[in-house]
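Peer 1: The structure is given below, and queries will be raised subsequently.
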Amino acid sequence: MNGRCRETVEQQAYITRFLLDYTAVPLVGRTFLRGVLPTRDAVRIVTGAADAVTPDALIAYEVPLTDDDNEPVTAPLVLGWTRTLVAGAPPHTDTAVTGMDMVRVDTAAVEPAPPARTDQVLRVLRTLAWPFVETPPSPALCGFRFTGQDGMRLYVAVEKADGLVAADVRLTGALTALLAALPALVHEEERWTIDESDPYCVRAVDLTTW
């Protein structure tokens, strides 16, 4: 993995970590985070109702990873832009990816929403309960999406795969054991397959029956 790719992975993982709480806490009104899809130079923030999983019930906002000065965008800015867009009128778009409407965000034309009180509460609790560490988790979680009421697809950076590996997991069953084993399982090449329907990964691994 070259330096540029490593920086992209680190930024996508940072944005994903920051936004995770909004799968349970609304972004705006009754709209929640339903996924973060990593692409080469952007992240696609997937939004919808709390239980939305089908593509036709979701909207993805594509946010570039750098600003006009080629500086990395911060996760709070990504959150602010997403909130502004979600709170406005439903977007008109003729672009769709993997079956869901997608809006490419011109960040220079969107005023980010200010932090909400909930954000400040989460900041305090996150800092105390989950302090910053120099060494990030490995493999890095660069994105995710819900695949059903009992399933998720996780996008993790596996260096020898030369890209992201999508790991399908269930949210019930022996989840503690699976999460402990997952870093090793996604490195087992004999488990890898190719999912041509998913542009966000180079390999996929099915751990739903593990």
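Peer 1: What are the ³J(HN,Hα) couplings of the stretch 163-170, residue after residue, when phi is run through the Karplus curve with 6.51, -1.76, 1.60 and θ = phi - 60°? Round to Hz, x for glycine and proline.
Peer 2: Each residue's phi maps through the Karplus curve to give x, 8, 9, 8, 10, 8, 10, 9 Hz.
Peer 1: Still on this model: Residues with beta-carbon under 9 Å from that of Glu62, excluding Glu62: net charge, scoring Lys, Arg +1 and Asp, Glu -1?
Peer 2: Its environment carries a net charge of +2.
Peer 1: Tell me the accessible surface of Cys142 in square angstrom (1.4 angstrom probe, heavy atoms of protein chains only), to the nearest ten.
Peer 2: Approximately 0 Å² of Cys142 is accessible to the 1.4 Å probe.
Peer 1: Helix hunt in the chain: which complete DSSP H runs extend at least 15 Å axially by C-alpha with mean Kyte-Doolittle at least -1.0?
Peer 2: 3-19, 75-87, 117-129
Peer 1: Assign one of three labels to the stretch 76-210, namely rounded, prolate or oblate, based on the Cα gyration tensor with a ≥ b ≥ c the square roots of its eigenvalues; rounded applies when a/c is under 1.5, prolate when it is not and a/b is larger than b/c, and oblate otherwise.
Peer 2: oblate
Peer 1: If you don't mind, there's one more thing I want to ask. In whole percent, and with a 1.4 Å probe on the protein chains, what portion of the accessible area of the chain is carbon and sulfur?
Peer 2: 55 percent
Peer 1: If you add up the charges near Val46, with Lys and Arg at +1 and Asp and Glu at -1, over every other residue whose beta carbon is less than 12 angstrom from its beta carbon, what do you get?
Peer 2: +2
Peer 1: Continuing with the same structure: So for the chain: antiparallel DSSP bridges make up what percent, rounded to the nearest 5?
Peer 2: Looking only at bridges with both residues in the chain, the antiparallel portion is about 80 percent.
Peer 1: Given a 1.4 angstrom probe, what's the average accessible area per residue across the chain, in square angstrom?
Peer 2: The answer is 55 Å² per residue.
Peer 1: Under a point-charge model restricted to the Cβ atoms of Lys and Arg (+1) and Asp and Glu (-1), what is the dipole moment magnitude of the stretch 108-210 relative to its Cα centre, in debye to the nearest 20?
Peer 2: Dipole size: approximately 500 debye.
Peer 1: Which order do you get for Met152, Met100 if you rank them by accessible area with a 1.4 Å probe, largest at the top?
Peer 2: My answer, sorted largest first, is Met152, Met100.
Peer 1: At what distance in angstrom do the alpha carbon centres of the stretch 124-152 and the stretch 172-208 lie from each other?
Peer 2: Using only Cα atoms to place each centre, the spacing works out to 16 Å.
Peer 1: Treating the beta-carbon of each Lys and Arg as +1 and of each Asp and Glu as -1, no other charges, what is the dipole magnitude of the chain about its Cα centre, to the nearest 20 debye?
Peer 2: The dipole of the chain has a size of about 660 debye.
The values are calculated or read from the model by the stated rules, or taken from the named source; none is laboratory data. Just so it is clear, the structure is predicted and the values come from calculations on it, not from any experiment. In this analysis, Cβ positions are derived from the backbone assuming ideal geometry, glycine residues included, and neighbour counts consider all displayed protein chains. Note: accessible area is taken over every heavy atom of the protein model, side chains too, but ligands, DNA and RNA are not part of it. Shrake-Rupley method; radii C 1.70, N 1.55, O 1.52, S 1.80 Å.
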